[in-house]
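Below: the structure, in structure tokens.
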Amino acid sequence: MGVNGGPVDLPDPRVGALSRVAPKPVRYVLNWGRRYSLWVFNFGLACCAIEFISTSMSRHDFIRFGVIPFAPGPRQADLMVVSGTVSDKMAPAVRRLYEQMPDPKYVISFGACSNSGGPYWDSYCVTNGVDQIVPVDVYVPGCPPRPEALLHGIVRLQEKIAGESLGERYAPVPPAAALASPLRPAPERP
Amino acid sequence: MDISERTVGVGAGAAQTGDAVSAKDMATEDMVLNIGPQHPSTHGVLRLRLRLDGEQIVSAEPIVGYMHRGAEKLFEVRDYRQIVVLANRHDWLSAFANELGVVLAVERMLGMEVPERATWARTLLAELNRVLNHLMFLGSYPLEMGAITPIFYAFTEREYLQAVMEEVSGGRMHYMFNRVGGLKEELPAGWTGRARATVAEVRHGMVRVEEIIHGNEIFRARTRGVGVLTREQILQYGVSGPIARASGVDFDLRRDEPYLAYGELGDVLRVVTRTEGDCHARFSCLLDQVAVSLNLADACLDRLEALPPGPINQRLPKVLKAPEGHVYQWTENPLGLNGYFLVSRGEKTPWRMKLRSASFNNVQVLKELLPGNLVADMIAILGSMFFVVGDIDK
């Protein structure tokens, strides 16, 4: 309740407000902590989900890279692996689950279908690439990619996390109006 | 503001309290529980709408289509070589068996003879693929019931088999090894020996899976007598495969309408059946089928080694056209009957290719099977229906 009993406008929650001014060693330690404790949420949709499971099993075992596949749901996860074809019917659910994840969050698009539609590129009901609905950090090509390819994708993501600054990643986006010049009135006709 | 109070279900304990307001007198209303489309089990994106009275399921409705990729329509714009790419992806756990159905249908249309070596190699690879498929479910089903270990064993065996399949075809899951008129290329030198060693390895490994879970007391308690399918329901809904055989429907295309080399494997091929029709019967059907498939694979390897060298495929024309007409080809896929109805108008693409997939029929019966069960048993039943979502939605 505000002073007058009305609702109060709270500022949008932002991640890493101090991260931009944090000293480099602190940033390094924070990034180091985040990169090796990626709680992963497997969005298993199709064939690629089986290869994702293979990667988590004893032969390939991505837990040794600090990827933890025990997130009970999107709300407890840092990383979403979209593995499989995103159909138009499924796309809203993918978007919704992505929005449920807390910041900072990352997405790996695993396999040809979620990269671009893959062999179903000309289907009437397949979303051509999950990057149309959620931002993707790393793309892993293949149909389905080998488990080694997912491991490589994870390592690339970890490199990305190591080198990033959360302050910059979540810097407020300037409003669109600030980038565009105001509409000019149409020239008067005689 | 409009505030209303609703009582959604009363726990079983309420009936025992003996209060003036007993559970019987309380007006309750059913709760609608939505399972899926995304859930943390290995089912993929099947969605179930359950109506619950307390913990008991009143009605269940499977809502399909979240994985619909329109493969049947895409078949119409792919030529007979390209179709195989899409055909092996609808049931991603039995890719080899899927592509087999397509090429058998086209070969029947063309009246094409397939070299003997190709037939035996196809039979062998189809059986290895069946083992791969069953291992997935033998691992994931206990996982859903809370037993984590078996899936690690199952995937260990899967990796051995996938290495063998990869050596021959280059793919771990989607082999793309079938061609109209045979196989893509000759088996690598010395491969049969390595395949034989792997079959022995897997047979040995299956003992571990069986010992750790099949006789387990908790596992039995959760699956015995749960989700019993009757013979009538099987026939009404067109349920097929190991699920049907677990209810005593003794039907297996490999024996009843032999294709490939199954006609000559009659003494090795044992059709595994059970009569109970519950979750445990379905699981043990799968387990026994792995043993049968491994025996079949050994028999095929014996035969392949004895065969004289010869071609493994046919030379195809540059443009492959099936003559005008239609054909229905069904095969015994790991999960049940898989049929392709191919209609051709003499062009290089089919005019229509209808796909009858096993899981679609197998999942329909959930509507009849789930009501009356508890929510906890739903997990056991759902897992024991052994479906692949892509096979439902195509």
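Things worth noting here:
- Enumerated helices (runs of 4 or more DSSP H) restricted to the range B:186-289, each holding at least 1 residues that are closer than 22 Å to B:ALA97 by Cβ and in contact with a Phe, Trp or Tyr (Cβ under 7 Å, 6 or more places away or on another chain): B:191-209, B:242-246, B:253-256
- Scanning the range A:108-141 for residues that are crowded, with 24+ Cβ neighbours inside 10 Å, away from chain B (no Cβ under 14 Å) and in contact with a Leu (Cβ under 8 Å, 6 or more places away or on another chain) returns A:ILE108, A:VAL140.
- Residue match in the range A:55-73 (condition: touching a Cys at 6+ places or on another chain (Cβ under 9 Å) and either within 9 Å of chain B (Cβ to nearest Cβ) or open to solvent by less than 10 Å² (accessible area, probe 1.4 Å) (or both)): no
- Residue identified as surrounded by fewer than 19 Cβ atoms within 10 Å (Cβ to Cβ) and either within 19 Å of the chain's Cα centre (by Cα) or not aliphatic (A, V, I, L, M) (or both) among B:THR149, B:THR119: B:THR149
- Taking first residues from the range A:139-150 that are within 15 Å of A:GLY129 (Cβ to Cβ) and partners that are surrounded by 20 or more Cβ atoms within 10 Å (Cβ to Cβ) and polar (S, T, N, Q), the Cβ contacts under 7 Å between residues at least 6 apart in sequence or on separate chains come to A:TYR139/A:SER109; A:TYR139/A:ASN115; A:VAL140/A:SER109; A:PRO141/A:ASN115.
- Taking the range B:129-146 as the range and being open to solvent by 10 Å² or more (accessible area, probe 1.4 Å) and within 11 Å of the chain's Cα centre (by Cα) as the test, only B:PHE137 passes.
- Residue match in the range B:360-380 (condition: surrounded by 20 or more Cβ atoms within 10 Å (Cβ to Cβ) and within 14 Å of chain A (Cβ to nearest Cβ)): no
- In the set (1) in contact with a Lys or Arg (Cβ under 9 Å, 6 or more places away or on another chain); (2) within 14 Å of chain A (Cβ to nearest Cβ), the condition left unmet by B:LEU124 is number (2).
- Qualifying residue in the range B:71-87 (condition: open to solvent by 10 Å² or more (accessible area, probe 1.4 Å) and either touching a Cys at 6+ places or on another chain (Cβ under 6 Å) or free of Cβ contacts under 8 Å to residues at least 24 places away in the same chain (or both)): yes
The values are calculated or read from the model by the stated rules, or taken from the named source; none is laboratory data. None of the values given here were measured: they were computed from a predicted structure. Please note: Cβ atoms are built from the backbone with ideal geometry, for glycine as well, and neighbour counts cover all protein chains shown. Just the protein is used for accessible areas: all its heavy atoms, side chains included, with ligands, DNA and RNA removed. Shrake-Rupley method; radii C 1.70, N 1.55, O 1.52, S 1.80 Å.
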